[in-house]
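Peer 1: One structure is given below, represented as structure tokens, and several questions about it will come after.
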Amino acid sequence: MVAIQGYDNATQRKNLFNQTDVNATFSTGAIEHTLLIGAEFGRQETDNFRNEGFFPTATNAQGVSPIFATIVAPRVRRPDVLWRQTASSANNHSVAKVAAGSIQDQIALSPMFDVVVGIRYEHFNTKVRDQRTVGFPAGQQREFDVTNNLWSPRAGLIFKPVEQASIYAAYSRTYLPRGGDQLAGLNLTNQSLAPETYDNYEIGAKWDIVPTFNLSVAVFQLDRSNVLALSDPNNPSSPTIPIGRQRTKGVELSAQGEITDQLSVIASYTYSDAKFLDSQSGTVLRGNRVANVPKHAAALWTRFDPTETLGAAIGVIHQGRRFAATDNLVSMPSYTRVNGAIYYRLSPQLDFQLNVENIFNERYFLFSNSNTNITPGSPTAFRVGVNARF
């Protein structure tokens, strides 16, 4: 049996951002500098409102949840679903504000060596008001206000043995504030926790085989700390809890550019070994794989333009097997999807484009939020576009 649940989650968001960058080049003796100074100011206002789905039965007109699909009756169609809030349904208003400044200097020590050093300071404030009325405990905290002052350094070394090739090493640190990727997830449990921290280490090389075609390779390690995950991998509405550290190690290969005047290619392959470093509970064990991260992923996109007005492209995307949640008990099988496109220039100012996604109607799962909340990929889909230039 498969449990079937429904929810309707509406998000309304208003954004206002300003980002200003200033570039300057100068020399200090024989050393050349490329200086980048930036500032960012932003405000994001979000309203989230979620209803749960209930399915009426002969004995319960108000509906039940979940209902079940079985092997005998695997298809479920219930247009009579009823929507209402429960005690766990989100109803919140949040305002996230950021004020940040950054500076970076790319220092050319010689024609063969460049050094990159930079730092970003970020003042990030998130305010969330819990507006739930159904089952909300009297006197429980409704207002949450968290401020993070974050320093993000970055450094790199670039070595150019020849004009067409370079070898580099880089380090950077970034953060995810405690409001989560929707910036509305503050609650009693996580309001005092430190933000998630990402430390990325990378060594790579790039080679321009010809001016229009290049190859690159990168070996990377991404360390993620202060990670939160669902307390119950089988319940997508369960609260999140700290689960320690993650580490992702891998290799990325890519090739892109023009093979001829009519033929261009973009190709990539990534191997990722993403695991948990700490055992925090019976569902999060040291060595478990991170959800939604395949070991093997590849993509190929080829475009052919036989004339100046007509072009066609074909693309192949492959994703390996992925786990749905932290306990690694449910997995999504690997898949290969084929996409296509046709381009036609109607005039120097007007282009017509047809994109076809999933040409062969591959059945696959795109991503998961838990063991029981898995999103299927789209069947064959068509998209028509017109691009105009003035």
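The values are calculated or read from the model by the stated rules, or taken from the named source; none is laboratory data. This one's a predicted model, so the numbers in the text were calculated from it and none came from an experiment. Backbone-built Cβ (ideal geometry, glycine too); neighbour counts: all protein chains shown.
Peer 1: Working carefully through the options 23, 48, find the one that is modelled with pLDDT of 95 or more and part of a strand (DSSP E or B).
Peer 2: The conditions single out 23.
Peer 1: Assess whether residue 62 counts as being more than 23 Å from the chain's Cα centre (by Cα), surrounded by 15 or more Cβ atoms within 10 Å (Cβ to Cβ) and over 30 Å from residue 122 (Cβ atoms).
Peer 2: Against the criterion (more than 23 Å from the chain's Cα centre (by Cα), surrounded by 15 or more Cβ atoms within 10 Å (Cβ to Cβ) and over 30 Å from residue 122 (Cβ atoms)), residue 62 does not qualify.
Peer 1: Give all pairs with beta carbons closer than 8 Å in which a residue from segment 65-79 that is within 11 Å of residue 1 (Cα to Cα) meets a residue that is at pLDDT 90 or above; count only pairs at least 6 apart in sequence or on separate chains.
Peer 2: As it stands, the answer is 67/55; 67/76; 67/78; 69/75; 69/76, since those pairs meet every condition given.
Every residue, every condition in (1) surrounded by 15 or more Cβ atoms within 10 Å (Cβ to Cβ); (2) modelled with pLDDT of 95 or more; (3) out of contact with any Asp or Glu (no Cβ under 6 Å at 6 or more places or on another chain); (4) farther than 23 Å from residue 338 by Cβ, yes or no:
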| site | (1), (2), (3), (4) |
| --- | --- |
| 358 | yes, yes, yes, no |
| 374 | yes, no, yes, no |
| 384 | no, yes, yes, no |
| 387 | no, no, no, yes |
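Peer 1: I need the strands (runs of 3 or more DSSP E) fully contained in segment 178-289, keeping only those with at least 1 residues that are of a type in the set (Val, Ile, Thr), under 21 Å from the mean Cα position of the chain (by Cα) and more than 30 Å from residue 156 (Cα to Cα).
Peer 2: 240-258
Peer 1: Further question: Before we move on, is residue 158 part of a strand (DSSP E or B), β-branched (Val, Ile, Thr), surrounded by fewer than 16 Cβ atoms within 10 Å (Cβ to Cβ) and in contact (Cβ under 8 Å) with a residue 24 or more places away in the chain?
Peer 2: Criteria not met by residue 158.
Peer 1: Mind checking which residues of segment 136-155 are loosely packed, with under 11 Cβ neighbours inside 10 Å and not in a strand (DSSP E or B)?
Peer 2: 137, 138, 139, 140, 141
Peer 1: Just to be sure I understand, how many residues within segment 341-390 are part of a loop (DSSP other than H, G, I, E, B), free of Cβ contacts under 8 Å to residues at least 24 places away in the same chain and of a type in the set (Ser, Thr, Tyr)?
Peer 2: 1
Peer 1: Moving on to the next point. Considering each of 309, 375, 380 in turn, give the residue that is hydroxyl-bearing (Ser, Thr, Tyr), over 30 Å from residue 6 (Cβ atoms) and touching a strand residue (DSSP E or B) at 6+ places or on another chain (Cβ under 8 Å).
Peer 2: Criteria check complete, one pass: 309.
Peer 1: What is the one condition in (1) part of a strand (DSSP E or B); (2) surrounded by fewer than 17 Cβ atoms within 10 Å (Cβ to Cβ) that residue 170 does not satisfy?
Peer 2: If we test residue 170 against (1) part of a strand (DSSP E or B); (2) surrounded by fewer than 17 Cβ atoms within 10 Å (Cβ to Cβ), just (2) comes out false.
Peer 1: Tell me the strands (runs of 3 or more DSSP E) entirely within segment 67-113 that contain at least 1 residues that are farther than 30 Å from residue 40 by Cα and aliphatic (A, V, I, L, M).
Peer 2: Where strands (runs of 3 or more DSSP E) fall fully within segment 67-113 and carry at least 1 residues being farther than 30 Å from residue 40 by Cα and aliphatic (A, V, I, L, M), they are 67-69, 82-84.
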